[in-house]
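The structure is given below, and queries will be raised subsequently.
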Amino acid sequence: MPSRLLFLLALTFLVLPIDAQQGANPLLSSPAQSLKTHLENLQPESYNDSLAAVPFITHSENQRDAVASAVKLKQILDGEGIYIDLTEVPRQGDHYDSLAKDYSYQLTSRFPEVVLRRRRGNWVYSPAAIEAIDRYYGEVFKYGTDRLLEVLPRAGSKKYLGLYLYQYIGLFLLALVGAVIHKILSFVLGRFLLSTLKKTGYGTFASRVLRPVAQPLSLFLVFFLLSVFIPVLQLPPSMTRYIVLGMRALLPLFGTILFYRLVNVLTIYLEGLAEKTESTLDDQLIPLLRKTLKTFIILIGTLFILDGLEINIIPLLTGLSIGGLAFALAAQDTIKNFFGSLMIFIDKPFQIGDWITSGDIDGSVEEVGFRSSRIRTFRNSLMYVPNGNLADSMIDNHGARVYRRFYTQLGVQYDTPAALIEVFVEGLKQIVENHPDTRKDYYNVYFNDMAASSLNIMFYIFFKVPDWPAELKARHEVLLEIIKLAEHLGVNFAFPTQTLHVETMPGQLPLSATYVDREGAKQKLHEYFHKGKEG
């Protein structure tokens, strides 16, 4: 009892200057001395939590709370692998932090609120630092794992090759559990669900979605589990530091791979939606969206990996912003074309396969890219047109036509009788009505011009066909029917020539058309259109 009483009296004398005396306590004379008092007295070979708590005793802290704060901060530093090199800590009692503009010292940038401040000549942890310790403690030891800190050391107190027995046991259990979880998740996601979905008819979808995602997802969960339990083992800071850095780098790495492959899942879903729409431009938008998302995921994942490795990314981001400005100024046309492609996808002025005309551009659209679009001309050459130019210019989309116009003048000879012309015009209208690809509600077939060498019949019709080859086929069929009708009725087409016209020659038939009365011409017209049916 006397020895214990003397120890408490000595401790009171050491602590008293903080609260009651104006002199400095030798244990707290500088940042280095305060940290030495705190950390060295919590080492297993020199454990004395009462002395370690001295830098934590303030007006608002009692002895018990101070001891708890001292132990928690030591466990936080060990769990994060943060080693405080006392040789680099200021030994001057009047150390002044010019950035904080105060007599203070920050232990580590990882926990910026944990600060030592000079108070009445003694360097102690600030009240804000003591309050922040509980929050940091919850961040390091997640999901109640701090309870294991009281159990694991009892599993073995002997040290072998720098580690305690409980630490070897913990590392073995973590490796074993991680391997088992990886195997179980790989089996459940890669085989069990795959076979189950195959039975329900979704085998192709499952093989394209689950199999690529299964491995990175299981590895992500395994390393997340390791990152939760590694701080509990309280490994030596030099070892924990590299383990923690590895975990912080591997977690975003596998997360990046996971989201990178999930983009393929998203695009599969979007492809299914695109197939249900009539727009063919959606089919070009999906590959562009896939490339954009993957590039974005890689960039963000890289930043997280660098941050996990404790590489300061602020200068990198600053450099990127300055470099980005210079790049933007140097690549104005490229950026203009990129936004031009966005406008094309938003406005949808044409579809893939449409025939468009815009200035010197004349051809069918094959592909719309980030910077340019590919136009296949009718000479079968390939034009690469910047999207910025397309977005700013007027586009005539022939492929968006519902009907395709066909206009021509049918010139017949001047000596064709009026009745025959009238019957011929009726026959032309009948050809339009009979053809399956012509517009029936609007067309114009009239005798409307007496030209220099012919009597012209306007033939103005529309085809309802999907593309140009179908239009050419319909034109071919209609024109052949016109020629056959003219031959059957005896109508001669005129051509622009100057001839010496002799009405009759001995032994020859007259050149002019034989007069046909209206009823006779109509009879021939009826015979032409009904000869197949009567047969």
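Based on the Cβ-Cβ distance of Ser186 and Leu161, what FRET efficiency does E = 1/(1 + (r/R0)^6) give at R0 = 30 Å, to the nearest 0.05?
That gives a FRET efficiency of 0.35.
So, for segment 348-489, what is the accessible surface per residue at a probe of 1.4 Å, expressed in square angstrom?
Each residue of segment 348-489 exposes 51 Å² on average to a 1.4 Å probe.
How about Lys464: which aspartates and glutamates have a C-alpha closer than 19 Å to its C-alpha, ignoring those fewer than 8 places off in the same chain?
Counting by Cα, and skipping residues close in sequence, Lys464 has these aspartates and glutamates nearby: Glu278, Asp354, Asp396, Glu433, Asp437, Asp441, Glu477, Glu481.
Tell me the net charge near Leu303. Cut-off is 15 Å between Cβ atoms, Leu303 excluded, with +1 for each Lys or Arg and -1 for each Asp or Glu.
Combined, the nearby Lys, Arg, Asp and Glu give -1.
At 7 Å along Cα-to-Cβ for each site, give me the label-to-label distance between Asp392 and Glu310 in nm.
It is 5.2 nm.
I need the chymotrypsin sites (Phe, Trp or Tyr not before Pro) found in segment 357-432, filtered to DSSP loop residues with at most 10 other beta carbons within 10 Å of theirs.
Working: sites: Phe370, Phe378, Tyr384, Tyr403, Phe406, Tyr407, Tyr414, Phe424; in loops: Phe370, Phe378, Tyr403, Tyr414.
Loop-located and lightly packed - Phe378.
For Glu271 and Lys142, what is the calculated FRET efficiency with R₀ set at 51 Å and r taken between the beta-carbons, to the nearest 0.05?
0.80
Further question on the same structure: Ignoring ligands, DNA and RNA, what accessible area per residue does segment 25-129 give at 1.4 Å, in Å²? Could you put the intermediate results ahead of the total?
Values: 4920 Å² over 105 residues.
Using a 1.4 Å probe on heavy atoms only, each residue of segment 25-129 averages 47 Å².
Between Glu88 and Glu113, what is the label-to-label distance in nm when each label sits 7 Å out along the Cα-to-Cβ direction?
The modelled label-to-label distance comes out at 2.5 nm.
Further question: Charges only on Cβ, +1 for Lys and Arg, -1 for Asp and Glu: so what's the dipole of segment 98-142 about the Cα centre, in debye to the nearest 20?
It comes to approximately 200 debye.
Then there is this: Determine the share of segment 352-500's accessible area contributed by carbon and sulfur atoms, expressed in whole percent, with a 1.4 angstrom probe.
Carbon and sulfur atoms account for 53 percent of the accessible area of segment 352-500.
Give, in nm to one decimal, the length gained when the segment between Asn492 and Tyr260 is fully stretched (0.36 nm per residue of separation minus the Cα-Cα distance).
Length gained, Asn492 through Tyr260: 76.3 nm.
Based on the Cβ-Cβ distance from Asn380 to Val177, what FRET efficiency comes out when R0 is 60 Å, to the nearest 0.05?
The formula returns an efficiency of 0.40 here.
At 7 Å along the Cα-to-beta-carbon direction for both Thr302 and Asp65, put a label point, then send me their distance in nm to one decimal.
Modelled inter-label distance: 4.9 nm.
Leaving out ligands, DNA and RNA but keeping every protein chain, what accessible area does Asp146 have, in Å² rounded to the nearest 10, with a 1.4 Å probe?
Using a 1.4 Å probe on the heavy atoms, I get roughly 50 Å².
How much net charge surrounds Ser104 when only the other residues with a Cβ under 13 Å from the Cβ of Ser104 are counted, with Lys and Arg +1 and Asp and Glu -1? Could the numbers behind the result be given before it?
Values: positive: Lys101, Arg117, Arg118, Arg119; negative: Asp94, Asp97, Asp102, Glu113.
That works out to 0.
The values are calculated or read from the model by the stated rules, or taken from the named source; none is laboratory data. Remember, it's a predicted structure, so these values are computed and weren't measured experimentally. Every residue, glycine as well, gets a Cβ built from its backbone with ideal geometry; the counts of neighbours run over all protein chains shown. All accessible areas refer to the heavy atoms of the entire protein, side chains included, with ligands and DNA or RNA removed. Shrake-Rupley method; radii C 1.70, N 1.55, O 1.52, S 1.80 Å.
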